[in-house]
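Below is one structure, written out as C-alpha cells, with a few remarks after it.
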Amino acid sequence: MPEQVPQAPPWIDTETFRLPDSCFFRQSAPKNLIVLHATASSTARSVYETWKSPANGRVATAYVVERDGRIFQTFPPECWAYHLGMRERNPGHYNDRRSIGIEIVNPGPLRPDPDGGDTLNWWPKNFREPWCRASETKKYVRRDYRGYKFYATYTPEQQEAVRRLVEHLCRRFGIPALLPPAERRPVCDPAFFCRFEGIAAHQNFRSDKLDVGPAWSWDSLLPAAAQKLPKAA
C-alpha cells in the first residue's frame with residue numbers, strides 16, 4: 001500500500017500558484033534543511049509567472065510568502081527543484097534535494113534615487129523604480145551588506161507566517177528546528193552550511209546572493225527553533 005502524503009493545513013494555499021509538474025522534480029527526497037529566500041519582486045504572482053515559464057528550467061521553491069502573510073505552496077514539499085544555484089559542494093544537487101525552499105516576497109536592496117529625489121528605489125529600470133520615501137524609516141533598514149546600504153523590510157505578517165510555516169515543516173519532516181550561530185547567519189560558508197541541518201538562508205550558500213539579507217529578523221524564528229520538534233505522525 002503506497003505511503004499517504006499528509007495534506008497541507010488549511011492556512012496554506014495549494015491551488016492558486018500550483019506549478020505544472022514540468023517545473024519541478026516529482027521525486028521525493030528526505031529533508032533536513034529549510035532555506036529562506038527573498039524574491040527580489042513585489043508580488044508572489046510575479047515569481048510564479050517566472051517559474052512556470054518553459055524556459056525557466058525547474059528553478060522554484062515549494063513555498064512563497066506574500067507581503068500580507070499569505071502562504072502559497074507551488075509544489076509538494078517532499079519533491080524538489082533547483083533553488084540554490086550552487087556549482088560546487090553540491091554533487092547531484094544534493095543540497096537542493098535535501099532542502100525545502102521558502103521565498104519571501106521582498107524587493108531586496110534599495111538605492112537612493114539617482115536623480116536626487118526623496119525616494120529609495122529598487123532594481124527595475126536600473127534602480128529607478130520607487131519603493132518608499134527616505135523619511136519612511138519603518139520600510140527599510142540601513143546596513144552595509146554585500147555592496148548595498150539599504151534593504152526593504154519584511155512585514156510583521158510575513159515574519160509570523162514564515163515562523164508558522166517553518167514550525168509546521170520541521171514537525172512534518174523531522175527537520176531539526178535549529179538556527180545557525182548568530183555570527184554565521186550573514187556569511188557565506190558552504191563548508192559549514194553544506195553539513196548544516198536546520199534553518200538557513202540563500203546568502204549562506206552563495207556570496208553573490210543577498211537573501212534574506214539584513215532586514216530579516218532571525219529572532220522571529222526563535223519560538224520555532226527553541227527545541228528539536230518531534231516528527232508529526
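The values are calculated or read from the model by the stated rules, or taken from the named source; none is laboratory data. Note that this is a predicted model, so its numbers are computed, not measured. As a convention, Cβ positions derive from the backbone with ideal geometry for all residues, glycine included, and neighbour counts pool all protein chains shown.
Taking segment 191-217 as the range and being modelled with pLDDT of 95 or more and not in a loop (DSSP other than H, G, I, E, B) as the test, the residues that pass are 192, 193, 198, 199, 200, 201, 202, 203, 204. Just to be sure, is residue 188 touching a Ser or Thr at 6+ places or on another chain (Cβ under 8 Å), assigned to a loop (DSSP other than H, G, I, E, B), in contact (Cβ under 8 Å) with a residue 12 or more places away in the chain and of a type in the set (A, V, I, L, M, F, W, C)? Spelling it out, residue 188 is indeed touching a Ser or Thr at 6+ places or on another chain (Cβ under 8 Å), assigned to a loop (DSSP other than H, G, I, E, B), in contact (Cβ under 8 Å) with a residue 12 or more places away in the chain and of a type in the set (A, V, I, L, M, F, W, C). Among the listed residues 35, 47, 59, identify the single one that is of a type in the set (A, V, I, L, M, F, W, C), under 25 Å from residue 205 (Cα atoms), touching a Leu at 6+ places or on another chain (Cβ under 8 Å) and at pLDDT 95 or above. Residue meeting the stated conditions: 35.
Look at residue 87 and say whether it is without any contact (Cβ under 8 Å) to a residue 60 or more places away in the chain and closer than 30 Å to residue 126 by Cα. It is true that residue 87 is without any contact (Cβ under 8 Å) to a residue 60 or more places away in the chain and closer than 30 Å to residue 126 by Cα. Whether a residue is in contact with a Phe, Trp or Tyr (Cβ under 8 Å, 6 or more places away or on another chain) and closer than 30 Å to residue 25 by Cα was assessed, and residue 150 does not pass this test. Taken over segment 74-92, the criterion of being modelled with pLDDT of 95 or more and of a type outside the set (Asp, Glu) is satisfied by 74, 75, 76, 77, 79, 80, 81, 82, 83, 84. Filtering 19, 110, 33, 120 for residues that are over 19 Å from the mean Cα position of the chain (by Cα), surrounded by 16 or more Cβ atoms within 10 Å (Cβ to Cβ) and not charged (D, E, K, R) leaves a single hit, 120. Comparison of 207, 217 shows that the only residue that is of a type outside the set (Asp, Glu) and closer than 18 Å to residue 85 by Cα is 207. If you go through segment 56-83, how many residues are more than 12 Å from the chain's Cα centre (by Cα), of a type in the set (S, T, N, Q) and buried (at least 24 other Cβ atoms within 10 Å of the Cβ)? Total meeting the criteria: 1. Identify, by number, the condition in (1) under 28 Å from residue 208 (Cβ atoms); (2) at pLDDT below 95 that residue 10 doesn't meet. Checking residue 10 against (1) under 28 Å from residue 208 (Cβ atoms); (2) at pLDDT below 95, the one that fails is (1). Residue 125 meets all of the listed conditions (1) of a type in the set (Lys, Arg); (2) part of a strand (DSSP E or B); (3) without any contact (Cβ under 8 Å) to a residue 40 or more places away in the chain; (4) loosely packed, with under 15 Cβ neighbours inside 10 Å but one, namely (2).
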